[in-house]
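Trainee: Shown below is the structure under consideration.
The values are calculated or read from the model by the stated rules, or taken from the named source; none is laboratory data. Everything numeric here is computed off the predicted structure, so don't read it as measured data. Don't worry about glycine lacking a Cβ; one is built from the backbone with ideal geometry, like all the others, and counts go over all protein chains shown.
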Amino acid sequence: MTERFHIVTGGPGSGKTSVIEALAAQGFPYMPEAGRAIIKDQVDIGGLALPWSNSAAYAELMLGWEMRSWREAQALDGPVLFDRGIPDVIGYLRLSGLPISEATMRAAHVRRYARRVFIAPPWPAIFMQDAQRKQTEAEAEATYHAMVAAYTDLGYEMVPLPLASVAERAKFIRANI
């Protein structure tokens, strides 16, 4: 287990990326979220590995991205923040009603993160849809619950982020790593 690798997860539109970007501005190295980048890339090339057209192919690309992020983070010093991690792929597969391959489960067991995982709870006041985030608030909440289940099943302890300003959330994370 790599105790200096800190995950921030949760449903879409819950403020994860905003707090990670705030911490990055304070000097914390971070590994960006796979989902948005994959969607942008697939749309740019006319690819089909998209959550609304081929969820299984999308999940495969996410797994590869998260494994590469984990490997690249080993070269960084000090604590590293991750905007989601390998267990998020398991949560996504479950949410999509897709099977979880042995390789995906093995990846989640071999590539570990700090035991305490920060999770951004659903927060309707800040939730917004956009070109990559097409989920409804109900789907975002279901994603939150899928992530809690995936990480808990893998032995992680969930640490909910407060429903507070980005600065207060960043301070909370700093205090807890």
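Trainee: Restricting to segment 84-99, and then to whatever is small (Gly, Ala, Ser) and not in a helix (DSSP H, G or I), can you tell me which residue is surrounded by the most Cβ atoms within 10 Å (Cβ to Cβ)?
Mentor: Gly85
Trainee: Hey, can you tell me all the residues within segment 135-159 that are buried (at least 16 other Cβ atoms within 10 Å of the Cβ) and in a loop (DSSP other than H, G, I, E, B)?
Mentor: Listed by number, the residues that qualify are Gln135, Leu154, Tyr156.
Trainee: Scan the helices (runs of 4 or more DSSP H) fully inside segment 1-83 and keep the ones with 3 or more residues being in contact with a Cys (Cβ under 9 Å, 6 or more places away or on another chain), modelled with pLDDT of 95 or more and not β-branched (Val, Ile, Thr).
Mentor: none
Trainee: Same structure again: Here is a list: Ile173, Ile177, Ile126. Which entry is modelled with pLDDT under 95, over 17 Å from Glu33 (Cα atoms) and in contact with a strand residue (DSSP E or B) (Cβ under 9 Å, 6 or more places away or on another chain)?
Mentor: Result: Ile177 is the single residue among Ile173, Ile177, Ile126 that is modelled with pLDDT under 95, over 17 Å from Glu33 (Cα atoms) and in contact with a strand residue (DSSP E or B) (Cβ under 9 Å, 6 or more places away or on another chain).
Trainee: Test Ala56 against the criterion of being closer than 14 Å to Asp83 by Cβ and out of contact with any Lys or Arg (no Cβ under 7 Å at 6 or more places or on another chain), and give yes or no.
Mentor: Judged against the criteria, Ala56 is not a match.
Trainee: Same structure again: Does Pro162 satisfy the criteria of being exposed (fewer than 14 other Cβ atoms within 10 Å of the Cβ) and either modelled with pLDDT under 95 or over 25 Å from Gly97 (Cα atoms) (or both)?
Mentor: yes
Trainee: Give me the residue from segment 91-123 that is of a type in the set (S, T, N, Q) and modelled with pLDDT of 95 or more and, out of that set, nearest to Ala164 (Cα to Cα).
Mentor: Here the answer is Thr104.
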